[in-house]
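Report on the following structure.
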Amino acid sequence: MNLLNTMNMEELKLDIKEQISKTNQAFTNYWGRLFLDGLLSEDLEKLDRLLKKTTRLFKFNIIVSIPLSAFLTIFSMLKFYDFIDFGNMNKAGLAILFTVVFLTNTYRSYKVKVNLENKIYLLGLLDKIRRN
């Protein structure tokens, strides 16, 4: 029975390591290479610091992108129904550019944040299995 238990634990460790490897690959898929200086490490303290940094970045981006998106939607509707006569669309293009940039950064930082949380959880689980 103990041998069977040991084999299951080894398979579980192997599965967890495989999931960690997939998570590491996902960082580059979501433009995580901007953070790659510490994302691929297995140091939980360093990963926790990166998670806090990424969470702050995500919150900043979402706080800025939601009002910009709302402003852009309202502005577009007013312009569409001719309630305002704003002839110079260059300024509107700048608003669109800022909105797209912040929405893209929000998506990127969210994906990095979720994958980082996943990796921290898996590393913690692997550490608990190794101790037993």
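The values are calculated or read from the model by the stated rules, or taken from the named source; none is laboratory data. Values in this document were obtained by computation on a predicted structure and should not be read as measured data. Counting neighbours? That spans all protein chains shown, and the Cβs are built from the backbone with ideal geometry, glycine included.
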Among (1) under 21 Å from residue 129 (Cβ atoms); (2) part of a helix (DSSP H, G or I); (3) at pLDDT below 90; (4) out of contact with any Leu (no Cβ under 6 Å at 6 or more places or on another chain), residue 78 falls short only on (1)
If we keep only residues of the stretch 44-66 that are closer than 13 Å to residue 123 by Cβ and without any contact (Cβ under 8 Å) to a residue 24 or more places away in the chain, then the residue surrounded by the most Cβ atoms within 10 Å (Cβ to Cβ) is 46
Of the conditions (1) at pLDDT 75 or above; (2) over 16 Å from residue 126 (Cα atoms); (3) small (Gly, Ala, Ser), the single one that residue 41 does not satisfy is (2)
Check your understanding: Out of curiosity, is residue 58 assigned to a helix (DSSP H, G or I) and either of a type outside the set (Val, Ile, Thr) or modelled with pLDDT of 80 or more (or both)?
Key -> yes
Scanning the stretch 55-84 for residues that are closer than 14 Å to residue 112 by Cα and touching a Phe, Trp or Tyr at 6+ places or on another chain (Cβ under 7 Å) gives 58, 61
Subset of the stretch 59-81, residues farther than 18 Å from residue 111 by Cα and among the hydrophobic types (A, V, I, L, M, F, W, C), comes to 68, 70, 71, 72, 74, 75, 77, 78, 80
